1. With the checklist (1) over 24 Å from the mean Cα position of the chain (by Cα); (2) modelled with pLDDT of 85 or more; (3) closer than 22 Å to V179 by Cα in hand, flag the one item Y381 doesn't pass.
2. Looking at (1) touching a His at 6+ places or on another chain (Cβ under 8 Å); (2) at positive phi, which is the only condition A405 fails?
3. Please enumerate the residues belonging to the stretch 49-62 that are more than 12 Å from F91 (Cβ to Cβ), surrounded by fewer than 24 Cβ atoms within 10 Å (Cβ to Cβ) and not hydroxyl-bearing (S, T, Y).
4. Taking F57, is it closer than 18 Å to E85 by Cα, among the hydrophobic types (A, V, I, L, M, F, W, C) and at pLDDT 95 or above?
5. Examine the stretch 367-388 for a residue that is part of a helix (DSSP H, G or I) and of a type in the set (S, T, N, Q), and state whether such a residue exists.
6. Restricting to the stretch 159-186, name every residue that is among the hydrophobic types (A, V, I, L, M, F, W, C), under 25 Å from D119 (Cβ atoms) and not in a loop (DSSP other than H, G, I, E, B).
7. If the Cβ limit is 8 Å and pairs must be 6+ apart or interchain, which residue in the stretch 153-176 that is within 16 Å of V192 (Cβ to Cβ) and in contact (Cβ under 8 Å) with a residue 60 or more places away in the chain pairs with which residue that is surrounded by fewer than 22 Cβ atoms within 10 Å (Cβ to Cβ) and of a type in the set (S, T, N, Q)?
8. Is there a residue being hydrophobic (A, V, I, L, M, F, W, C) and under 23 Å from N447 (Cα atoms) anywhere in the stretch 86-96?
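The values are calculated or read from the model by the stated rules, or taken from the named source; none is laboratory data. Note that the structure is predicted; figures quoted are calculated from it, not measured. Every residue, glycine as well, gets a Cβ built from its backbone with ideal geometry; the counts of neighbours run over all protein chains shown.
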Amino acid sequence: MRVITTKLFVVFVFTSITIFAQNNTTNQGTNSGDQGNNNSFFGANSGRDNTSNNNSFFGANSGQTNTTGQSNVFIGRNSGRNNVEGSNNVFNGNSAGFNNATGNFNTFLGTFAGRENIDGRRNVFIGGNAGRNAVGSGNVFVGYRAGFNELNSNKLYVENTDSDIPLIYGDFTTDQLGVNTNSIPDGYNFAVGGNTKISNNISIDGNIGVGADSFDGVKAYVKHDVTTAPTYGTASLFSFASSSHTTGELSKVRGAWFLSLNNSTGILNESMGIDVGAGNESSGTGIVNNAYGINVDVQNGTGTVENGYGLFIKRVQANNSYGIYQQGETTQNYFAGNVSIGTTLDDPDYALTVKGKMHVQEVKVDLLGAIAPDYVFYKDYNLKTLEQVEAYINLEGHLPNIPSALEMEEEGVNLKEMNMKLLEKVEELTLYTIAQEKAIKEQKEVNQKLENRLERLEKLLLK
């Protein structure tokens with residue numbers, strides 16, 4: 001009698017927890033699927049229509065309509081709910097990948113992440129509502145609501161709102177990257193929307209262009225278009241004037257004025273306002289201690305000079321106009337003071353101030369005391385839990401240790417500091433991913449133990 005009671009109890013427990021080990025598929029929950037091989041379905045309707053293999057669905061309605069999709073991991077209520085044929089996807093979050101039907105190799109992490117994707121492939125969305133309405137392929141969106149309405153493919157968004165002009169924008173098809181802009185001209189790999197302040201050195205292997213679309217083989221090319229033609233009564237090859245005035249007002253005093261114009265009907269190959277040669281000729285054997293192409297000394301004395309210009313270019317008008325054109329190469333360009341481009345107001349804290357866009361091939365920034373965030377991997381690093389991060393985001397509206405959109409709008413973005421902070425977040429995400437991987441591995445081990453126990457119970461029942 002005792003043996004019969006024991007067997008009945010085992011049968012009751014086995015039936016009540018509704019876990020089946022047919023074809024190595026484990027399921028728990030009302031209408032959860034029990035077909036296919038090597039599947040794990042936990043939650044009401046999870047994997048309900050499944051007929052394929054190697055899927056893991058956790059949460060009510062997760063993977064509900066999946067039929068032939070394989071090797072998927074859906075975690076969260078309604079995650080991957082409408083998936084049918086999509087394979088090799090990872091959806092983590094409430095309604096993450098909700099409408100994905102045939103898309104493959106997608107990774108959506110966050111509530112509603114990739115919700116409206118149907119057949120997009122190879123997307124990575126990280127953050128609540130990241131890529132929610134996106135339908136393209138090959139996109140990478142990082143941040144809350146990042147890429148919310150992006151409908152194209154192969155885009156990069158790093159943003160904490162649904163703005164279509166993210167903090168960082170990229171196009172994987174054209175290998176272009178933008179900061180605070182999604183408009184990158186053809187032929188340019190990098191663009192910045194707004195002003196750029198760089199407090200340290202810039203190392204440039206390519207050319208510098210100001211107002212220029214091409215460089216014509218020169219290192220620095222400044223282009224200035226003039227639309228109003230000046231009128232001259234007479235023309236002199238050289239004109240020198242030096243004047244002093246004690247009373248009244250004098251409009252101009254010129255130490256030297258060079259003007260070279262061609263008024264003939266023929267062809268003049270070169271017309272030079274100033275042609276300067278300094279140093280030794282090619283056959284010279286002497287020593288030149290200092291050679292100056294142009295040596296400018298603007299003095300103030302005991303009076304007042306309101307505006308002093310070492311070099312002032314008033315206008316350049318021709319079929320091809322060049323404000324400054326450098327032929328050949330120099331070993332070094334030196335500026336003792338600050339440099340401003342596009343503005344007469346320079347910031348005394350910055351050696352270079354540029355108003356407008358700047359195009360460079362490469363930017364190298366010295367850390368100069370800044371600490372690279374390898375400290376994230378130290379044993380004593382206080383890594384916030386995801387619950388703490390979520391609470392902070394809900395309270396502050398942005399990631400911890402990342403300035404808010406308002407702060408960036410008001411104070412600008414220090415690229416060195418921001419890159420270090422973004423690297424810190426990437427390293428933290430790596431730790432979270434490692435922890436998730438360990439948790440998944442532990443869950444697999446637990447599942448395996450449960451399967452082994454079920455096999456032993458089946459053998460006992462069949463005796």
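1. It is condition (3) that Y381 fails.
2. For A405, the failing item is (2).
3. D49, N53, N54, A60
4. Numbers: closer than 18 Å to E85 by Cα: yes; among the hydrophobic types (A, V, I, L, M, F, W, C): yes; at pLDDT 95 or above: yes.
Judged against the criteria, F57 is a match.
5. Filtering the stretch 367-388 for residues part of a helix (DSSP H, G or I) gives 373-377, 386-388.
Now narrow it down to the ones that are of a type in the set (S, T, N, Q): 388.
Among the residues of the stretch 367-388, at least one is part of a helix (DSSP H, G or I) and of a type in the set (S, T, N, Q), which makes the answer yes.
6. Within the stretch 159-186, none qualify.
7. L167/N160; L167/N180
8. Taking the stretch 86-96 as the starting set, the residues that turn out to be hydrophobic (A, V, I, L, M, F, W, C) are 90-91, 96.
Next, only the ones that are under 23 Å from N447 (Cα atoms) stay: 90-91.
There is at least one residue in the stretch 86-96 that is hydrophobic (A, V, I, L, M, F, W, C) and under 23 Å from N447 (Cα atoms).
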